[in-house]
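Q: Have a look at this one before I ask anything.
The values are calculated or read from the model by the stated rules, or taken from the named source; none is laboratory data. Predicted, not measured: the structure shown is a model, and the values here were computed from it. Note: ideal-geometry Cβ built from the backbone for every residue, glycine included; neighbour counts use all protein chains shown. What goes into the accessible areas is simple: the full protein's heavy atoms, side chains included, and nothing from ligands, DNA or RNA. Shrake-Rupley method; radii C 1.70, N 1.55, O 1.52, S 1.80 Å.
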Amino acid sequence: SGDQWGTKSIREVNPAASERTRSWIERSEQNAQWSSDWCRAFVAEASSGVLVAGIVLDSKAPAYVHSVLPEQDESDPFVYLAYLMSNRHAGEERKGAAAALIAFAKDQVHSVGLNRICLDCWRGNDRKLVRYYESQGFKPLEDFTVAEKNDWPGCVLEMR
């Protein structure tokens, strides 16, 4: 929605977003064992060949959620679901892709010997996105607000 993402491309609003994405892909392609630099990026493709969704799993939480969650918790480590998006232009083909990628993420997390996934999401629009993640098995930890992003309202969630 425009309230969540704004009306301009992320690349226009935040030119560093492309570099961050490039870094995720480069780190993912290194196929490193679980460590502070671990990262995995995946895309889901429909049988027609259309890319319908993408996900990025990271070994650390972003700075803007550190009031709720540390960069990493050595006593209770987690994988951070840094990015989950669907291709809104894919129409009906994208139905279920996010849920499938979340299930895939659980397998990835278990493959590195962990059992905890954390993420943050927008809590505007009557918490619709928070409720979606709850329907996928996540539990809210705490709400937060990012002052640097025009008081962007967020929620950190976890799944065990």
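Q: Would you tell me the accessible area of Lys149, worked out with a 1.4 angstrom probe on the heavy atoms of the protein chains, in Å² to the nearest 10?
A: 110 Å²
Q: Here is a follow-up. Which one of Leu81, Asn125, Ala147 is farthest out on the positive end of the charge dipole of the chain, using unit charges on Cβ (Lys, Arg +1; Asp, Glu -1) and the Cα centre as origin?
A: Final value for the positive-end residue is Asn125.
Q: Now for a separate question. Can you give me the Cα centroid spacing of segment 116-136 and segment 66-110 in angstrom?
A: Segment 116-136 and segment 66-110 have Cα centres separated by 11 Å.
Q: Then there is this: Hey, can you find the accessible area per residue of the chain for me, probe 1.4 Å, expressed in square angstrom?
A: Value for the chain: 59 Å² per residue.
Q: Determine, for each peptide in 36-49, 112-125, the mean count of other beta carbons within 10 angstrom over its residues, then list the peptides with the highest first.
A: 112-125, 36-49
Q: What is the magnitude of the charge dipole of the chain about its Cα centre, with +1 placed on the Cβ of each Lys and Arg, -1 on the Cβ of each Asp and Glu, and no other charges, expressed in debye to the nearest 20?
A: Values: 19 positive and 23 negative charges, 85 e Å.
The calculated dipole for the chain is roughly 420 debye.
Q: Tell me, what is the 1.4 Å probe accessible area of His110, in Å² to the nearest 10?
A: Roll a 1.4 Å probe over it and His110 shows about 100 Å².
Q: Which value in deg cm²/dmol, rounded to the nearest 500, describes the helix-derived mean residue ellipticity at 222 nm for the chain, given -39,500 (n - 2.57) per DSSP H run of n ≥ 4 and division by the residue count? Write down the numbers at each step before the final one.
A: Working: 5 runs with 49 residues, N = 160.
Calculated at 222 nm, the ellipticity per residue is -9000 deg cm²/dmol.
Q: Further question: Which percent of the accessible heavy-atom area of the chain goes to carbon and sulfur, probe 1.4 angstrom?
A: Ligands and nucleic acids excluded, carbon and sulfur reach 48 percent.
Q: Which whole-number percentage describes the relative contact order of the chain, with Cα contacts under 8 Å and a sequence gap of 6 or more?
A: This gives 17 percent for the chain.
Q: Also, quick follow-up: Quick one: plug the Kirkwood hydrodynamic radius of segment 10-112 (C-alpha pairs) into Stokes-Einstein at 4 °C, 1.567 mPa s, and report D in µm²/s. All intermediate terms of the calculation are to be shown ahead of the outcome.
A: Values: Rh = 14.8 Å.
So the translational diffusion coefficient is about 87 µm²/s.
Q: Right, next: Determine the percent antiparallel among the DSSP beta bridges restricted to segment 43-133, to the nearest 5.
A: Beta bridges within segment 43-133, antiparallel portion: roughly 75 percent.
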